[in-house]
Each structure stands twice: as structure tokens, then as C-alpha cells.
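**Q** Please find one structure pasted underneath; my questions will follow.
Every read-out reported here was derived from the displayed coordinates using simple, explicitly stated rules and does not represent laboratory data. Please read these numbers as outputs of a predicted model, since none were measured by experiment. We place every Cβ from the backbone using ideal geometry, glycine too, and count neighbours over all the protein chains shown.
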Amino acid sequence: MKLQNPAQLAPNTNTKDSRHFQRSAFTLMEVLLVLGILGVIMAMVVPRLLGRQKEAYNDVAKASLSGLSDALKLYSLDHAGDFPTSAQGLQALLKAPSGRDPAWKGPYLDKEPVDPWGTPLAYRSPGTKNVDSFDVSSAGPDHIHGNQDDIGNWQ
């Protein structure tokens, strides 16, 4: 009895057969083409997103000022219509005063309010823009209070 060669029994598994050639990688030209297409797409999309981010920060600052105004109004309701003085500042909303104040029912805020750029919000009572109540404002993207890019509760 003659033993057969095991290679003759197995089906043809030669992967280097020219009719069944499979690539296992991309060519450099294909990679560069895809990167070029992605670069064009990013060049069109990124400027639009950056412009929207500035608007979004302004919207967040306005919402923060609105929330702070609401907390100040709650404080005023508890204190016979009086707002914290500029000297007391926003700390009057965070901690009870050192002396006894039976009207204080806070804290009215969880933490010191900051704008989306990380700058603490400014408070003044009586206000210069809202002379009957208070002014609260964000310094804006330049982090400097008192110039044209400020966002306040008077706008």
C-alpha cells in the first residue's frame, strides 16, 4: 500500500495564486487622498463650529446671569425687598452672615457663580445700569470687567 502525500489530499490553499490576490494594506496614495478629503471637510466645518461656540458661551453667560438674578430676588423676598449690598457681595447668597439674621433662609447658591470663561460674575447694588435694583455682569471673553464685551442683566 502506497501512502499519499498529505499536500495532495488538501485543497489548494495557495494564497499567492494570481487570480485570488488579496491586499492587506492601503497604498500611500490612497491614504494621502483620504487625508486630503478630510482636510477639505474640516476646513469647511471648523470655522462654522468656532463661530457657534462663541454664541453658545454668550448664551450660557446670559443663562448664568438669569439664575443669579433669580437667587438675588429670592434673597430680596426674604429680606423685605432689600438686596445684598455691594460690600456684602454675592457671599451673602452663599453663607449666613456672621451676626444673627433670622430672615436668611439660604444658601441661595451652591457655589460662587462664574461665567463660561471662568471669571467670577460681578455684582453691584444699587446698580449703575439698573438703579432701582442691582447689576450683575460677566466680564466676557477678555476677562476684563467694564468694557464693551461685558454681558449684563441690563441688556
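**Q** Before rounding to the nearest 500, sum -39500 (n - 2.57) across all DSSP H runs of length at least 4 in the chain and divide by the residue total; then give [θ] at 222 nm in deg cm²/dmol.
**A** Calculated from helices alone, the mean residue ellipticity at 222 nm is -13000 deg cm²/dmol.
**Q** Also, quick follow-up: Ordered by residue, what ³J(HN,Hα) values in Hz, to whole numbers, does region 139-155 give under the Karplus form 6.51 cos²θ - 1.76 cosθ + 1.60, where θ = phi - 60° and Gly and Pro are x?
**A** Values per residue, Gly and Pro as x: 6, x, x, 8, 6, 10, 6, x, 10, 6, 8, 5, 10, x, 7, 9, 8 Hz.
**Q** Counting other beta carbons within 10 Å of each Cβ, put 42, 29 in order, fewest first.
**A** 29, 42
**Q** Can I ask one more? For residue 140, which sequence-distant residues (separation of 5 or more, or a different chain) have an amide H within less than 5 Å of its own amide H, given hydrogens modelled in the peptide plane?
**A** 151
**Q** Between exposed trypsin sites (Lys or Arg not before Pro) in the chain, where DSSP calls loop and at most 16 other Cβ atoms lie within 10 Å, what's the longest gap?
**A** 24-94
**Q** In the set (i) 60; (ii) 54; (iii) 36, which value of percent of Cα pairs over 23 Å apart was calculated from the structure you see?
**A** It is the value labelled (i).
**Q** Through the Karplus equation 6.51 cos²θ - 1.76 cosθ + 1.60, θ set to phi - 60°, convert the phi angles of region 45-61 into ³J(HN,Hα) values in whole Hz; use x for Gly and Pro.
**A** Calculated HN-Hα couplings, in order: 8, 4, x, 5, 5, 5, x, 6, 5, 4, 5, 5, 4, 4, 5, 5, 4 Hz.
**Q** Apply the Karplus parameterisation 6.51 cos²θ - 1.76 cosθ + 1.60, with θ equal to phi minus 60°, to every residue of region 93-106 and state each ³J(HN,Hα) to the nearest whole Hz, in sequence, with x for glycine and proline.
**A** With the stated coefficients, region 93-106 comes to 8, 9, 10, 5, x, 5, x, 6, 9, x, 7, 6, 10, x Hz.
**Q** Classify region 90-134: rounded, prolate or oblate, from the alpha-carbon gyration tensor (a ≥ b ≥ c, eigenvalue square roots; a/c under 1.5 rounded; otherwise prolate if a/b is larger than b/c)?
**A** Oblate, since a/c reaches 1.5 and b/c is not below a/b.
**Q** Let me ask something additional. Return a whole-number percent for the relative contact order of the chain, with Cα pairs under 8 Å and 6 or more residues apart as the contact set.
**A** On the way: 160 pairs, mean separation 26.2, N = 155.
Here the relative contact order equals 17 percent.
**Q** Let me ask you something else. Under a Cβ-only charge scheme (Lys and Arg +1, Asp and Glu -1), can you give me the dipole magnitude of the chain about the Cα centre, in debye to the nearest 20?
**A** On the way: 15 positive and 16 negative charges, 224 e Å.
Using Cβ point charges on Lys, Arg, Asp and Glu, the chain gives about 1080 debye.
**Q** Another question about this same structure. Where a Cα-Cα gap under 14 Å defines reach, which aspartates and glutamates qualify for residue 129, not counting those fewer than 8 residues away within the same chain?
**A** 150
**Q** Okay, next question. Report the relative contact order of region 104-155, percent, no decimals, based on alpha-carbon pairs under 8 angstrom and at least 6 residues apart.
**A** Working: 73 pairs, mean separation 13.4, N = 52.
Once normalised by length, the contact order is 26 percent.
**Q** Give the cross-link partners of residue 95 among the aspartates and glutamates, using a straight C-alpha distance below 19 Å as the criterion and excluding same-chain residues fewer than 8 apart.
**A** Residue 95 reaches 70, 78, 82, 110, 112.
**Q** Can I ask one more? For the chain, modelled as a Gaussian network with Cα springs under 10 Å, which listed residue fluctuates most, 80, 56, 92?
**A** Largest GNM mean-square fluctuation: 80.
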